[in-house]
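Here the structure is laid out as structure tokens; the discussion comes afterwards.
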């Protein structure tokens, strides 16, 4: 029986979905995380320090020398997975390429060298360097955060100074920041799979809510995309170019673009892991409704993934962002949301009593609403109707 190593943080949502996929494939699963996971039985679990990839990779390779595949389900495990793959001679990304996906500055510089479409940018290490020659509006962002943490639009010099100070407080004094031109356009996200350097698109998502700032909360993702076919081809071509520029060769990639009015897909960012949170549940393949996690495990194990045919139904997810920082109490109205035609699942992932942080200072998701319908428009209507039934209850923190 094959054995797959799955690296994910304790805060991740995907353990159950990967365990289900492993059972379908009759594959053993070793969960590798920074904290024990309740869903993982002791003989399937290893605790490691995700911030020490060299030492952790060595421990994993010595403890599980017969792994047949290694998968990182989240950004925090991408470099570790590459190093384990290198030690055990498994399909993997070069560690330098994996590291570049965790560093937005490295991404921007690689794509600049390759001449790919992206925003003009400057690297800012101190407030003295804020006087850039970039035209407004601009966007300030950290080099290493995800889920839009610390990403703020500024329309003038005063707003830029304020955005810089807020993002600086989030990341500390020493971390460089990026200031880049704001790219208008329709935002889309491509989920794809690399095998020996060849990119196979899996699903292209529309983001129908305007992403104009000043903060950039992701809300709705819908597939299939309603972009014109020729624009979809351009997005997929640009995705392959972006992967090659970074030196990526294996595994899942999640790439975000802004498509301009003249049809040019501009790169926002790339992650060498599957789509985040529980959003993978919005992707199904073929009439058998094969989940994304099964496709990823098949590919990692070197098995055939067949012809990637998306499910005939349109699907989508509404990500429930924390509207304010505070102590999470609950989300009411779930039963009413489930009564909306097209809504198939509402899952609340935030734990009662936990601290949740609103953008731009954090990126806490409270849960996810899923819909399926005959058309993307019907999915969007269902998601908006379902979300409107929900009420979030958060107690402000003392002093807020």
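The values are calculated or read from the model by the stated rules, or taken from the named source; none is laboratory data. If you're wondering where the values come from, they're calculated on a predicted model, not measured in any experiment. Please note: Cβ atoms are built from the backbone with ideal geometry, for glycine as well, and neighbour counts cover all protein chains shown.
Does residue 80 count as part of a helix (DSSP H, G or I) and either farther than 16 Å from residue 4 by Cβ or touching a helix residue (DSSP H, G or I) at 6+ places or on another chain (Cβ under 9 Å) (or both)?
Details: part of a helix (DSSP H, G or I): yes; either farther than 16 Å from residue 4 by Cβ or touching a helix residue (DSSP H, G or I) at 6+ places or on another chain (Cβ under 9 Å) (or both): yes.
Considered against the rule, which asks whether it is part of a helix (DSSP H, G or I) and either farther than 16 Å from residue 4 by Cβ or touching a helix residue (DSSP H, G or I) at 6+ places or on another chain (Cβ under 9 Å) (or both), residue 80 comes out as yes.
Scan the range 143-164 residue by residue and report those that are out of contact with any helix residue (DSSP H, G or I) (no Cβ under 8 Å at 6 or more places or on another chain) and surrounded by fewer than 16 Cβ atoms within 10 Å (Cβ to Cβ).
155, 156, 157, 158, 162
Which of the residues that make up the range 1-13 are surrounded by 20 or more Cβ atoms within 10 Å (Cβ to Cβ), at pLDDT below 90 and in contact with a helix residue (DSSP H, G or I) (Cβ under 7 Å, 6 or more places away or on another chain)?
8
Filter the range 169-201 for residues that are touching a strand residue (DSSP E or B) at 6+ places or on another chain (Cβ under 6 Å) and not in a strand (DSSP E or B); which is surrounded by the most Cβ atoms within 10 Å (Cβ to Cβ)?
183
Here are 335, 351: which of them is outside the structural domain of residue 17 (by TED's automatic domain parsing) and part of a helix (DSSP H, G or I)?
On the way: 351 fails: part of a helix (DSSP H, G or I).
None of the other options fit; the residue is 335.
Yes or no, residue by residue, for (1) within 22 Å of the chain's Cα centre (by Cα); (2) in a helix (DSSP H, G or I):
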| site | (1), (2) |
| --- | --- |
| 21 | yes, yes |
| 24 | no, yes |
| 55 | no, yes |
| 66 | no, no |
| 70 | yes, no |
| 76 | yes, yes |
| 87 | no, yes |
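Tell me, please, whether a residue that is outside the structural domain of residue 145 (by TED's automatic domain parsing), surrounded by fewer than 19 Cβ atoms within 10 Å (Cβ to Cβ) and within 18 Å of the chain's Cα centre (by Cα) can be found in the range 361-375.
Of the residues in the range 361-375, the ones outside the structural domain of residue 145 (by TED's automatic domain parsing) are 361-375.
Filter once more, so that each one left must be surrounded by fewer than 19 Cβ atoms within 10 Å (Cβ to Cβ): 361-362, 374-375.
Pick out the ones that are also within 18 Å of the chain's Cα centre (by Cα) and you get 361-362.
Yes, the range 361-375 contains a residue that is outside the structural domain of residue 145 (by TED's automatic domain parsing), surrounded by fewer than 19 Cβ atoms within 10 Å (Cβ to Cβ) and within 18 Å of the chain's Cα centre (by Cα).
Scan the range 105-121 and tell me whether some residue there is buried (at least 20 other Cβ atoms within 10 Å of the Cβ) and without any contact (Cβ under 8 Å) to a residue 60 or more places away in the chain.
Within the range 105-121, not a single residue is buried (at least 20 other Cβ atoms within 10 Å of the Cβ) and without any contact (Cβ under 8 Å) to a residue 60 or more places away in the chain.
When you scan the range 122-162, how many residues do you find that are part of a loop (DSSP other than H, G, I, E, B) and closer than 11 Å to residue 360 by Cβ? Spell out the reasoning first.
Step one: list which residues in the range 122-162 are part of a loop (DSSP other than H, G, I, E, B), which gives 125-126, 130-137, 143-151, 155-156.
Now drop any that are not closer than 11 Å to residue 360 by Cβ, which leaves 145, 147-151.
Residues that pass the stated criteria total 6.
Can you pull out the residues in the range 202-215 that are modelled with pLDDT of 95 or more and buried (at least 21 other Cβ atoms within 10 Å of the Cβ)?
Once the filter is applied, which keeps residues that are modelled with pLDDT of 95 or more and buried (at least 21 other Cβ atoms within 10 Å of the Cβ), the range 202-215 yields 204, 205, 206.
Which of (1) at pLDDT 95 or above; (2) within 16 Å of residue 268 (Cβ to Cβ); (3) surrounded by 19 or more Cβ atoms within 10 Å (Cβ to Cβ) does residue 218 not meet, given it meets every other one?
(1)
Looking at 294, 345, which one is in a helix (DSSP H, G or I) and either touching a residue at least 40 places away in the same chain (Cβ under 8 Å) or outside the structural domain of residue 163 (by TED's automatic domain parsing) (or both)? Steps first, answer last, please.
Working: 345 fails: in a helix (DSSP H, G or I).
Residue meeting the stated conditions: 294.
Filter the range 236-252 down to residues that are in a loop (DSSP other than H, G, I, E, B), crowded, with 18+ Cβ neighbours inside 10 Å and out of contact with any strand residue (DSSP E or B) (no Cβ under 7 Å at 6 or more places or on another chain), then give me how many there are. Full working, then the answer.
Going residue by residue through the range 236-252, those that are in a loop (DSSP other than H, G, I, E, B) are 247-250.
Applying the additional criterion that residues be crowded, with 18+ Cβ neighbours inside 10 Å yields 248-250.
Adding the requirement that they be out of contact with any strand residue (DSSP E or B) (no Cβ under 7 Å at 6 or more places or on another chain) leaves none.
Selection size over the range 236-252: 0.
Given the criteria under 28 Å from residue 20 (Cβ atoms) and assigned to a loop (DSSP other than H, G, I, E, B), does residue 218 qualify? Talk me through it step by step, then tell me what you get.
Details: under 28 Å from residue 20 (Cβ atoms): yes; assigned to a loop (DSSP other than H, G, I, E, B): yes.
Yes, satisfied.
If you check residue 371 against the conditions, is it in contact (Cβ under 8 Å) with a residue 12 or more places away in the chain and part of a helix (DSSP H, G or I)? Full working, then the answer.
Values: in contact (Cβ under 8 Å) with a residue 12 or more places away in the chain: yes; part of a helix (DSSP H, G or I): no.
No: the conditions fail for residue 371.
Could you tell me which residue of the range 24-53 is nearest to residue 301 (Cα to Cα), considering only residues that are exposed (fewer than 12 other Cβ atoms within 10 Å of the Cβ) and modelled with pLDDT of 90 or more?
Applying the filter and picking the extreme gives 26.
Looking at 255, 275 in this structure, which one is outside any strand (DSSP E or B) and on the phi < 0 side of the Ramachandran plot? Don't jump to the end; show me each part of the working.
Working: 255 fails: outside any strand (DSSP E or B).
On inspection, the qualifying residue turns out to be 275.
Take the range 101-155 and flag every residue that is out of contact with any strand residue (DSSP E or B) (no Cβ under 6 Å at 6 or more places or on another chain) and on the phi > 0 side of the Ramachandran plot.
Hits for the range 101-155 are 115, 147, 148.
Just one of the numbered conditions (1) touching a strand residue (DSSP E or B) at 6+ places or on another chain (Cβ under 6 Å); (2) closer than 17 Å to residue 308 by Cα; (3) in a helix (DSSP H, G or I) is not true of residue 233; which one?
With respect to (1) touching a strand residue (DSSP E or B) at 6+ places or on another chain (Cβ under 6 Å); (2) closer than 17 Å to residue 308 by Cα; (3) in a helix (DSSP H, G or I), residue 233 is out only on (1).
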